[in-house]
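What follows is a single structure, written as C-alpha cells, with notes after it.
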Amino acid sequence: ACIMRKKLDTRFPAARIKKIMQADEDVGKIAMAVPVLVSKALELFLQDLCDRTYGVTVQRGAKTVSSLHLKQCVQSYNVFDFLKEVVSNVPEFGISEGASDSSKRRKVLPNESHDSDQESKRGISQETCHSSGVGRGRGRGRGRGRG
C-alpha cells in the first residue's frame, strides 16, 4: 500500500524549531515530524491566545489590542497560567489610547535612535575587522589535511 504524505503548511519554520529544541542538551535525536507538529501546535496556541485577547479588547470597548489586554487575558484563563510571570511587568493602568503617553515617547525617541545608530556603527566596524581574518567565516570544514 502506497501512503501519500501530505506536507503540512506551517507558519513557523521547522528548521528553526529543531534548532531551538537541540539547544537543550537533554534532547537527543528529533524525528522529522516533531518540529512540524510543534510548529502546528504553536500556531494553534497563538491563535487561541490572540482570539481570547481580542475578546478582552472588545469587552473593554477598545479598537486596538494592547499589552494590557493580553495581560488581562493571561490572568483570566488558567490555561495561560504559565505566562503570568511574563506579563507581570505590564503596567495595570497604562494609558494605551491617551495622547499624553505618545507625546512622552516622542521626546525620548530621538535620543534612543541616536544611541542605537552609534552602536550599530561600532558593530559594523568590529565585524569588518573580524571578517578580514584568513580562514574565518567558512565553518569548521575538513581541516587542512595531514602534513
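Some observations on this one:
- Net charge of Cβ neighbours under 14 Å - reference Val87; Lys, Arg +1; Asp, Glu -1: 0
- Per residue, the convex hull spanned by the Cα atoms of segment 14-87 amounts to 109 cubic angstrom.
- Dipole magnitude of segment 14-87, debye to nearest 20 (Cβ charges: Lys/Arg +1, Asp/Glu -1, about Cα centre): 300 debye
- Burial ordering of Leu68, Leu37, fewest other beta-carbon atoms within 10 Å first: Leu37, Leu68
- With neighbour counts taken as other beta-carbon atoms within 10 Å, the residues Val38, Val74, Val90, Val79 rank, fewest first, as Val79, Val90, Val38, Val74.
- Relative contact order for segment 14-87, counting Cα pairs under 8 Å that sit 6 or more residues apart, in percent: 19 percent
- Summing charges over all other residues whose Cβ lies under 14 Å from the Cβ of Gln22, with Lys and Arg as +1 and Asp and Glu as -1, gives +1.
- Proximal lysine pairs, segment 14-87, alpha carbons under 15 Å, eight or more residues apart or interchain: 4
Computed from the coordinates by the stated procedures, all read-outs in this text should not be read as laboratory data. Bear in mind that the values here come from a model prediction, so they are computed numbers and not experimental data. Neighbour counts are summed over all protein chains in view; Cβ atoms, including those assigned to glycine, are modelled from backbone coordinates with ideal geometry.
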